Amino acid sequence: MKRIYSLTIIFFFSLIVRAINVEIDSIVYNINVKTGFTEVAANPYHQYTGDIVIPETIAYEGKEYTVTAIGQAAFSQRDITSVTFPNSITSIGRAAFYCCSLLDSVVLPEKVTVIGDMLFANCTSLRRVVIPEGLTLIDNSAFNSCYSLDSLIIPNSVTRIEDWAFALCKGLTYVEMSRGLTYVGRGAFGDCSALNTVIIPDLSSWSMINFGDYNSNPLTTTKTLKINNEEIRDLVIPDDVTSIGDYAFWGCSGLTSVTIPNSVTSIGESAFSGCMLENIFVKNTGTQLNERSFSQASYNHTMLFIPKDSWSDAVYHGDFWRFINIRETVTNSVDLSSKQVYTLMGANTFNYLVYDAINDTTAIRDAYYEVDENSENNCWQIVEEDDKSYLYNIGAKKFAQLNADGLLKLTSAPTAITIENGMNGIVLGDNIQNQWIFVLNDKVSAKDLSLGIESAIDSSSNTINQYYSIGGIRIQKPSTGLYIVKTKNGKTRKVIK
């Protein structure tokens, strides 16, 4: 290897340290000949251009030195197009590649644990950077104004992203965030206007990140919360979360409800500001709120559900007095699996009511067609507590609310509904023209269908032998309605007369 030693070698003598600057193969190094520390050095008189390859070792005066660092501003404002690092590099100094406007792609060394501030700032052509697992810190403005950067994967080892780290990365469309993050600084993702996909590792780790302001949270731009590429609208905070960080879900306007478990003891500043929440379910009335944990619109309009018998703790002794609309929840835990399951049918039209999962609403299914009673979307249950009744759809995992027009609307909030026992089964509501009845699902309790029904007398025919109400009461003279019938072949089925 040809070695060209600079004629302007500078010697620094002292009783302890002897350091020199030396140029080898067009790269300037600072060598501490006493300690062996060797770094690529800045040199205002040297114009780096093109592709830079940094060797792992260099030789000087018959001795080999390992290159372990890139010095401060080493390649700042130079016309380099690429840089190749050796595995020996453990640190890169501040602004080392600042304003290298022709730099296109960078793979950072595996042993680097910190990206210094302004490291790649204003590298306007930088479209790709590979950050190694093991990095813990991305410092201030490290990638600020890297307009061409289009995607970013932040490894799980990163715990902090400092102020303005990715601000003005206007071409950034995709970001995978670190599971280990505890803090993201002010404006870290400010004005990343093209950002449309943010992959968060899991709700537990994300909930406890403290963001410096709303521009530090990339969800501010996407407006949606996605896990495994599926949008979350009804957010349930996991039970292992103890605090919800500042600005954690700021601006997630796609959220309609949030459930906060008993484990959460505090909710940070603006954690849910900008969220257009319809319902908030809180399990721990001792949870401490910041006055801006929720937006003023939520305090004024969102329905807050608190545990039963906790009104005074939440409102008069706790931090939830800011909410205007507060309701105690029907129940904290209901074992719906032990409840009977029904198919819902119009009492007059006899059309089935099912859950339309595509449009997230109820839908009418013509009674002349088969309804699959094994489908959870067609299964309804009754939850009863404190002399009140609530209708629940298993597929939707929501409660039904009876509108004035007799139609049912699905909602996350338990809403009491009028239920009457009638000859044709269980009747909902008092609107005679739009009553609903329950048809017992065969798949859940076939035995219940035969209660009160006598054994078949003749099993030689399919002719209807006996009529019974949905409740199992024998009907001698059936009128118009829904019945369970027993045929002469011994089978039972539901019929409309």
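Remark: the Asn300-Ser263 segment gains 10.7 nm on full extension, using 0.36 nm per residue and subtracting the alpha carbon distance.
Could you calculate the FRET efficiency of Ala416 with Arg322 from 1/(1 + (r/R0)^6), where r is the beta carbon distance between them and R0 is 22 Å, rounded to 0.05? The partial results should precede the final answer.
Working: r = 26 Å, r/R0 = 1.17.
Plugging the Cβ-Cβ distance into 1/(1 + (r/R0)^6) gives 0.30.
Per-residue Karplus couplings for segment 231-242, computed as 6.51 cos²θ - 1.76 cosθ + 1.60 with θ equal to phi - 60°, are listed in order as 5, 9, 10, 9, 7, 10, 6, x, 6, 8, 7, 9 Hz, Gly and Pro entered as x. Taking a point 7 Å from the Cα of Ser101 along the Cα-to-Cβ direction, the residues of segment 166-199 with backbone N closer than 19 Å to it are 168-171. Calculate what fraction, in whole %, of the accessible area of segment 112-228 sits on carbon and sulfur atoms when a 1.4 Å probe is rolled over the protein chains. Its accessible area is 48 percent carbon and sulfur atoms. Using a simple spin-label model with pseudo-atoms 7 Å out from Cα toward Cβ, Lys111 and Thr242 lie 3.6 nm apart. Return the distance in nm (one decimal) between the two label points of a simple spin-label model at Lys308 and Glu61, each offset 7 Å from Cα along Cα→Cβ. Roughly 8.5 nm, to one decimal. Computed with every protein chain present, the accessible area of Asp104 is close to 50 Å² [probe 1.4 Å].
Computed from the Cβ-Cβ distance with R0 of 45 Å, the FRET efficiency linking Arg128 to Thr361 stands at 0.55. Using every pair of separate Cα atoms, the Kirkwood estimate puts the hydrodynamic radius of segment 39-100 at 12.1 angstrom.
When peptides 294-305, 35-46, 117-128 are sorted by average Cβ neighbour count within 10 Å, with the highest value leading, the order is 117-128, 294-305, 35-46. Distance between the pseudo-spin-label points of Gln288 and Lys397 (7 Å out from Cα toward the beta carbon): 3.2 nm. The mean of 1/r over all distinct Cα pairs in segment 47-194, once inverted, gives the Kirkwood hydrodynamic radius of 15.3 Å. A Förster distance of 30 Å, applied to the separation of the beta-carbon atoms of Thr84 and Ile153, puts the FRET efficiency at 0.90.
Before anything else, pin down the relative contact order of segment 236-292: Cα pairs under 8 Å, at least 6 apart, normalised by residue count, whole percent.
Computed over segment 236-292, the figure is 39 percent.
The calculated P(r) of segment 149-270, using every Cα pair and 5 Å bins from 0, goes 2, 12, 22, 28, 21, 10, 3, 1, 0 in percent.
When the listed pairs Lys223/Lys308; Lys226/Lys308; Lys226/Lys409; Lys226/Lys397 are checked against a 24 Å cut-off, the alpha-carbon distance exceeds it for Lys223/Lys308; Lys226/Lys308; Lys226/Lys409.
The values are calculated or read from the model by the stated rules, or taken from the named source; none is laboratory data. Please read these numbers as outputs of a predicted model, since none were measured by experiment. Here the Cβ is made from the backbone with ideal geometry for all residues, glycine too, and neighbour counts use every protein chain on show. These area figures cover heavy atoms from the full protein model, side chains too; ligands, DNA and RNA do not enter into them. Shrake-Rupley method; radii C 1.70, N 1.55, O 1.52, S 1.80 Å.
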